[in-house]
Amino acid sequence: GAPFLLCCHAEVVVEPNAIRVLVEEAYRSNAAIVGPKVVDTERPEILREVGWSVDRFGVPHSEIERDELDQEQHDAVRDVFFVRDACMLVRADLFNELGGFDVECDPGARELDLCWRARLAAARVIVAPDARVGHHEDDGPHESDPRLAQRHRVRALLTNTSAARLLWIAPVALLMHFAEAFIFLIRRRRDRASVLVGAWIWNLRHLGPL
């Protein structure tokens, strides 16, 4: 019967008022998913995350530079494309309606996929920087296995994009990734090339479930 669920990794250090701020902002902004400002646990003056954006091909990117100092430059409540589940407040009814996280997008794209589907359901995804948490992780969505992470990001793109948009997005994204893989081959980075090519080959072999 709880109105909200909180996803929180074990290594996250939550400041005493952070959860209260997240809940208050969810009500104030009528948001379905709210993320905090994430700083480095050992060096709390270093920013790690204030929400993520994606390009039209579903590739995540952040406005924060590596080891950027927190000088309140990102302290406005704002809409973002997705927040990480290192610490994520999500409305329980929407979470249930969406079927929770897509296990087929884990690891590498579970938060991206969930927030993408929430946005398609006309729900707001925001970051509330007055809520602060510390995190040991570095500067990107968790990638214990880069091959799986890339595969799942492509899956998120293909499953959450309309058929009409996919008619041009999928061919262009495929072409760009294969061109990028060719550059990696020239630079003798066959592992990176294999990750990009393998992600598309796997998803194209599973078009039925997609």
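The values are calculated or read from the model by the stated rules, or taken from the named source; none is laboratory data. Values in this document were obtained by computation on a predicted structure and should not be read as measured data. Glycine gets a Cβ as well: all are built from the backbone with ideal geometry, and neighbour counts include every protein chain shown. Remember, those area values only see protein heavy atoms, side chains included, never the ligands or the DNA or RNA. Shrake-Rupley method; radii C 1.70, N 1.55, O 1.52, S 1.80 Å.
Observations, loosely collected:
- Taking the accessible area of the chain, probe 1.4 Å, and keeping the other protein chains in place, the carbon and sulfur fraction comes to 53%.
- Distance cut-off 12 Å, percentage of C-alpha pairs in region 73-114 lying past it: 66
- Volume of the convex hull of region 1-77 (Cα atoms only), normalised per residue: 143 Å³.
- The length gained on full extension between Arg187 and Leu204, counted as 0.36 nm times the residue separation minus their Cα-Cα distance, comes to 3.5 nm.
- With the alpha-carbon atoms of region 5-137 aligned to their principal axes, the span from lowest to highest coordinate is 38, 32, 27 Å, starting with the largest.
- Kyte-Doolittle mean at least 1.6, axial Cα span of 24 Å or more - DSSP H helices of the chain: 163-186
- Net charge contributed by nearby residues that have their C-beta within less than 13 Å of Leu204 (K/R +1, D/E -1): +3
- Excluding ligands, DNA and RNA, the accessible surface per residue across the chain is 52 Å² with a 1.4 Å probe.
- Counted residue by residue at 0.36 nm each, then reduced by the alpha carbon distance between them, the extension gain from Asp106 to Asp145 reaches 13.0 nm.
- Mean residue ellipticity at 222 nm, helices only, the chain: -13000 deg cm²/dmol; runs of at least 4 DSSP H residues each add -39,500 (n - 2.57), and the sum is divided by the number of residues.
- With a 1.4 Å probe rolled over the protein heavy atoms of all chains, the accessible area of Phe178, Phe4 falls in the order Phe178, Phe4, largest first.
- For the pair Asp75 and Ile46 in one chain, pulling the backbone fully straight at 0.36 nm per residue adds 9.1 nm over the alpha carbon distance.
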